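Novice: Before I ask anything, here is the structure I am working with.
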Amino acid sequence: MISTIHPIFAFTDNYIWAVSEAESRQVCVIDPGDAQPVIEYLESNELQLSDILITHHHPDHTGGIQELTSRYSCRVAGPSSSGIKGINEFVSTGDNVNLFGQNFSVIEVPGHTLDHIAYHCEDEDQGDPILFCGDTLFAAGCGRLFEGTPKMMHESLGKLSTLAANTRVYCTHEYTLANLQFAIVADAENPALLKRFESEKTKRAAKLPTLPSSIELELATNPFLRCKETEIQKSTEIQSGRVANNEVEVFAALRAWKDSF
């Protein structure tokens, strides 16, 4: 049974999520781009690394694999299309990863990269469902399109947006305030944004993570999940100078706008 999900801070804004089982004192880490903060966390809490889950191939998510696997005997699960060195269990859509008695289904979410996957658990014993989504869905934002197309990313976000409203969203970067600053411009008539911005500023002032988010909160405040909304369509039309013919074109205009914001 999962007992805690703890953020291990890395680099300037990465979170490596540490999922623990209290009875066995075993830990799974998600996207360990840096081994050292993981080792420090394990040793200071007398924990044992049993699993690593990887969402995509970028070095800030995979850079710690080799050092950790040389030190600990652990499973390393990750996207089958990536060929990432150190993975010993390749997974794709339709596969399941059992973690401390909880079943995580694999969801392919290309866009940020072509190999990107997410891990989703909706086991009733755990309480609220859990989503580890890497760099696909951010709090109030989404990942840049380094390899995929706007259509790919829009469809991937669509998959995640249909998950239960109370799903806890664990992404891997502390980008929330910057994302909300953009969202307030793109979705200016949305009162929920200002409320969320003030709440998240309070957390950051106290040096607390703004994560996890929830699917419900993202549907209400994340412009990239709101491309069907009139306000988003109007603002992207004004910004781009073009009328979008569908939601994918709205998303593409919004993503391009955010890239230059």
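Novice: Among the listed residues 13, 34, 51, which satisfies the condition of being touching a strand residue (DSSP E or B) at 6+ places or on another chain (Cβ under 8 Å), more than 22 Å from residue 138 (Cα to Cα) and charged (D, E, K, R)?
Specialist: After ruling out the rest, the residue left standing is 51.
Novice: Evaluate segment 120-131: report whether one residue or more is closer than 24 Å to residue 178 by Cα, in contact (Cβ under 8 Å) with a residue 24 or more places away in the chain and of a type in the set (Asp, Glu).
Specialist: Scanning segment 120-131 turns up no residue that is closer than 24 Å to residue 178 by Cα, in contact (Cβ under 8 Å) with a residue 24 or more places away in the chain and of a type in the set (Asp, Glu).
Novice: Right, another one. Taking segment 48-73 as the region of interest, how many residues are under 22 Å from residue 100 (Cβ atoms) and buried (at least 19 other Cβ atoms within 10 Å of the Cβ)? Walk me through how you get there before you give the answer.
Specialist: Step one: list which residues in segment 48-73 are under 22 Å from residue 100 (Cβ atoms), which gives 48-55, 61, 64-65, 68-69, 71-73.
Adding the requirement that they be buried (at least 19 other Cβ atoms within 10 Å of the Cβ) leaves 49-55, 61, 64-65, 68-69.
The total comes to 12.
Novice: If the Cβ limit is 8 Å and pairs must be 6+ apart or interchain, which residue in segment 235-261 that is over 19 Å from residue 222 (Cβ atoms) pairs with which residue that is surrounded by fewer than 14 Cβ atoms within 10 Å (Cβ to Cβ)?
Specialist: So the pair list comes out as 237/243.
Novice: I'm trying to understand the selection: among the residues of segment 185-214, which are over 21 Å from the mean Cα position of the chain (by Cα) and β-branched (Val, Ile, Thr)?
Specialist: Residues satisfying the conditions are 185, 202.
Novice: Return the residues of segment 189-244 that are hydroxyl-bearing (Ser, Thr, Tyr), buried (at least 16 other Cβ atoms within 10 Å of the Cβ) and not in a loop (DSSP other than H, G, I, E, B); say none if nothing qualifies. Give the steps one after another, and end with the answer.
Specialist: Restricting attention to segment 189-244, the residues satisfying the condition of being hydroxyl-bearing (Ser, Thr, Tyr) are 199, 202, 210, 213-214, 221, 230, 235-236, 240.
With the extra rule that they be buried (at least 16 other Cβ atoms within 10 Å of the Cβ), the set shrinks to 210, 213-214, 221, 235-236, 240.
Matches in segment 189-244: 213, 214, 221, 235, 236, 240.
Novice: To continue, here is another question. For segment 73-125, enumerate the residues that are of a type in the set (Phe, Trp, Tyr) and closer than 23 Å to residue 147 by Cα.
Specialist: Step one: of segment 73-125, the residues of a type in the set (Phe, Trp, Tyr) are 90, 100, 104, 119.
Scanning segment 73-125 gives 90, 119.
Novice: Name every residue in segment 107-130 that is touching a Lys or Arg at 6+ places or on another chain (Cβ under 7 Å) and buried (at least 20 other Cβ atoms within 10 Å of the Cβ), in order of residue number.
Specialist: 107, 109, 112, 130
Novice: So residue 146 passes all but one of these: (1) farther than 15 Å from residue 172 by Cα; (2) within 18 Å of the chain's Cα centre (by Cα); (3) buried (at least 16 other Cβ atoms within 10 Å of the Cβ). Which condition number does it fail?
Specialist: Only one criterion in (1) farther than 15 Å from residue 172 by Cα; (2) within 18 Å of the chain's Cα centre (by Cα); (3) buried (at least 16 other Cβ atoms within 10 Å of the Cβ) is unmet by residue 146, namely (3).
Novice: Across segment 114-142, what is the total count of residues that are touching a Leu at 6+ places or on another chain (Cβ under 9 Å) and not in a strand (DSSP E or B)?
Specialist: 5
Novice: If you don't mind, there's one more thing I want to ask. Can you tell me which residue among 182, 251 is assigned to a helix (DSSP H, G or I), closer than 26 Å to residue 107 by Cβ and touching a Cys at 6+ places or on another chain (Cβ under 7 Å)?
Specialist: 251
Novice: Please list, ordered by first then second residue, the pairs with beta carbon atoms under 7 Å, 6 or more apart or interchain, first in segment 155-181 and in contact (Cβ under 8 Å) with a residue 24 or more places away in the chain and hydroxyl-bearing (Ser, Thr, Tyr), second buried (at least 16 other Cβ atoms within 10 Å of the Cβ) and assigned to a helix (DSSP H, G or I).
Specialist: Short answer, once both residue conditions are applied: 161/215; 161/225; 167/215; 172/61; 176/200.
Where a number appears in this text, it was derived from the coordinates with a stated rule and is not lab data. Nothing here was measured: the structure is a model prediction, and the numbers come from that model. Note: ideal-geometry Cβ built from the backbone for every residue, glycine included; neighbour counts use all protein chains shown.
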